[in-house]
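Enquirer: Sharing a structure here in structure tokens format.
The values are calculated or read from the model by the stated rules, or taken from the named source; none is laboratory data. Computed from a predicted model, the values in this text were never measured in an experiment. Every residue, glycine among them, receives a Cβ derived from its backbone with ideal geometry; neighbour counts consider all protein chains shown. What goes into the accessible areas is simple: the full protein's heavy atoms, side chains included, and nothing from ligands, DNA or RNA. Shrake-Rupley method; radii C 1.70, N 1.55, O 1.52, S 1.80 Å.
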Amino acid sequence: MSESNWAGNHTYAADEVLAPRTVDEVRAAVAAATRVKALGSRHCFNTIADAPGGTLLDLRSLESAVEIGDGTVTISGAARYGDFAEELHAAGLALANLASLPHITVAGSVATGTHGSGRRQPGLAAAVSAVELVTADGELRTFTRGDEAFPGVVVSLGTLGVVTRLTLDTVPAFDVRQDVFDGLPWDAARDHFDDIEDAGYSVSMFTNWANDVVDQVWIKSRVDAFTERDGLYGAVPADGPRHPAHAAGISAANGTPQQGVPGPWHERLPHFALAFTPSVGDELQSEYFVPYRDAPAVLEVMRGLGDLLAPVLLVSEIRAIAADDLWLSPSHGGDRIGLHFTWQPRQPEVEAVLPVMEEHLAPFGARPHWGKLFHGGGLDALYPRMADFRALAESLDPGGKFRNPFVERHVFGG
């Protein structure tokens, strides 16, 4: 095998990669496999999507019709957000939330609890109202919101089956503008955290944790709810476009338009434009989720680690995500703050930093992002419905066809 993930930090250990073009081909491949996992955009930085000694299903060739209904859109398990957003917008509809890059598949994003941003916006998985998946015996099953098992099916880590179709809730289309502010004092970030998070539809703070100020604050506002501001608690309007890692000298050329220029939701809610390589490109990522109420205390703890983190960081992002009821979602049971880390491609040094950071975040019950680099195990205490999820997985996949060492360790305790 020479197939690798997006970042190139993991080479898959499966024996074969198949590229099914139809749902029937997915069903046949799953039924015949002893171990199997699905591949989407490969934007996972750990081994969650691998199938050592088994079969990987590369879904990029899977049939991909888009069906726009009354307040919903149904898409293929292979679809990326950027593949259908423009068509949805042309129909006068939108998704309420998007990830920072439109290059990732919906199925993979949802399965790992990827979230987008906005204090009033739950993560991407909360938009899912129906999931069609191929289970271990090759059967095609559909779960819809309201089904008893549905909250366990959506954020599934790929352990219940191969997702072939998803139905998402939509809202009326809307326009957004991005305004960036430089140099937010840390005491303002701490003391006015709620007000800053409420300053727009979606708000992101960018820092390396070692600088004397928060380097940037990005405020994405609905045009129909925009309030003009000259500054932000001591931060000043940026004098030009910014990349999140502007402080590291990265060009803003691959970003979505800023400086208050209005545009459709799908061209402003992501940080990065579909036509370009997103983020930095050559990077590693981690992310941890802590209760929203603990944000001021967490900021102080993280600032104390600045000298440790900054040498291996490109940039860190602070975002808010509203609560949902999905069993393995990072926002299950309460609003969260996401602490995202875009690391330099120096994995040994990054892996040395992670346990130290996790030790300092442990008192806050920090949940790691399922698809990114983290160190510790023992996640049962962080997810009250973990036992219910295990029971669901065992009922749909009694032979463990969709398990791998990552899932065995972090979900089944093996």
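Enquirer: On the basis of being part of a loop (DSSP other than H, G, I, E, B) and under 29 Å from residue 373 (Cβ atoms), does residue 156 make the cut?
Expert: Details: part of a loop (DSSP other than H, G, I, E, B): yes; under 29 Å from residue 373 (Cβ atoms): yes.
Here the answer is yes, as residue 156 does meet what is asked.
Enquirer: Would you check which residues across the range 263-316 are over 12 Å from residue 341 (Cα atoms), among the charged types (D, E, K, R) and part of a loop (DSSP other than H, G, I, E, B) and list them?
Expert: Those that are over 12 Å from residue 341 (Cα atoms), among the charged types (D, E, K, R) and part of a loop (DSSP other than H, G, I, E, B): 268, 282.
Enquirer: Can I ask one more? Which one is farthest from the chain's Cα centre (by Cα) among residues in the range 179-230 that are of a type in the set (Val, Ile, Thr) and not in a helix (DSSP H, G or I)?
Expert: 227
Enquirer: Which residues, taken from the range 5-19, are small (Gly, Ala, Ser) and either in contact with a strand residue (DSSP E or B) (Cβ under 7 Å, 6 or more places away or on another chain) or within 23 Å of residue 139 (Cα to Cα) (or both)?
Expert: Across the range 5-19, the qualifying residues are 7, 14, 19.
Enquirer: If you don't mind, another one. Mind checking which residues of the range 346-371 are in a loop (DSSP other than H, G, I, E, B) and closer than 22 Å to residue 307 by Cα?
Expert: Listed by number, the residues that qualify are 346, 366.
Enquirer: Being in contact with a Ser or Thr (Cβ under 7 Å, 6 or more places away or on another chain) and of a type outside the set (D, E, K, R) is the filter here, so list the residues in the range 141-156 that pass it.
Expert: Selection gives 144, 150, 155.
Enquirer: Related question: Under the condition of being without any contact (Cβ under 8 Å) to a residue 40 or more places away in the chain and of a type in the set (Ser, Thr, Tyr), which residue from the range 120-160 is most open to solvent (accessible area, probe 1.4 Å)?
Expert: 142
Enquirer: Of the conditions (1) open to solvent by less than 20 Å² (accessible area, probe 1.4 Å); (2) under 30 Å from residue 402 (Cβ atoms), residue 163 clears all except one; give me its number.
Expert: Going through (1) open to solvent by less than 20 Å² (accessible area, probe 1.4 Å); (2) under 30 Å from residue 402 (Cβ atoms) one by one, residue 163 breaks only (1).
Enquirer: So residue 28 passes all but one of these: (1) part of a loop (DSSP other than H, G, I, E, B); (2) in contact (Cβ under 8 Å) with a residue 40 or more places away in the chain; (3) at negative phi. Which condition number does it fail?
Expert: Unmet condition: (1).
Enquirer: Moving to a separate point now. Please determine, by comparing only the residues of the range 63-78 that are touching a residue at least 60 places away in the same chain (Cβ under 8 Å), farther than 16 Å from residue 133 by Cα and touching a strand residue (DSSP E or B) at 6+ places or on another chain (Cβ under 6 Å), which one is surrounded by the fewest Cβ atoms within 10 Å (Cβ to Cβ).
Expert: 72
Enquirer: May I pose another question? Would you tally the residues in the range 1-19 being modelled with pLDDT of 95 or more, aliphatic (A, V, I, L, M), surrounded by fewer than 20 Cβ atoms within 10 Å (Cβ to Cβ) and in a loop (DSSP other than H, G, I, E, B)?
Expert: Here the count works out to 2.
Enquirer: In addition: Considering each residue of the range 42-74, count those that are on the phi < 0 side of the Ramachandran plot, under 23 Å from the mean Cα position of the chain (by Cα), assigned to a loop (DSSP other than H, G, I, E, B) and of a type outside the set (Asp, Glu), and give that number.
Expert: 11
Enquirer: Going by what's in this entry, would residue 360 be described as open to solvent by less than 60 Å² (accessible area, probe 1.4 Å), within 25 Å of residue 292 (Cα to Cα) and not basic (Lys, Arg)?
Expert: So residue 360 fails the test.
Enquirer: Can you tell me which condition residue 34 does not meet? The list is (1) farther than 17 Å from residue 136 by Cα; (2) touching a residue at least 12 places away in the same chain (Cβ under 8 Å); (3) open to solvent by 30 Å² or more (accessible area, probe 1.4 Å); (4) in a loop (DSSP other than H, G, I, E, B), and all the others hold.
Expert: (1)
Enquirer: Restricting to the range 372-384, name every residue that is in a helix (DSSP H, G or I) and under 19 Å from the mean Cα position of the chain (by Cα).
Expert: Once the filter is applied, which keeps residues that are in a helix (DSSP H, G or I) and under 19 Å from the mean Cα position of the chain (by Cα), the range 372-384 yields only 382.
Enquirer: Let me ask you something else. Cβ-Cβ below 7 Å, separation at least six or inter-chain, first residue in the range 238-262 and farther than 14 Å from residue 279 by Cα and at pLDDT 90 or above, second assigned to a loop (DSSP other than H, G, I, E, B) and open to solvent by 80 Å² or more (accessible area, probe 1.4 Å): which pairs?
Expert: Sorted first by the residue in the range 238-262, then by its partner, the pairs are 241/259.
Let's see how each residue does on (1) out of contact with any strand residue (DSSP E or B) (no Cβ under 9 Å at 6 or more places or on another chain); (2) open to solvent by less than 60 Å² (accessible area, probe 1.4 Å):
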residue: 21; (1), (2): yes, no
residue: 25; (1), (2): no, no
residue: 55; (1), (2): no, yes
residue: 61; (1), (2): yes, no
residue: 80; (1), (2): no, no
residue: 88; (1), (2): no, yes
residue: 91; (1), (2): no, yes
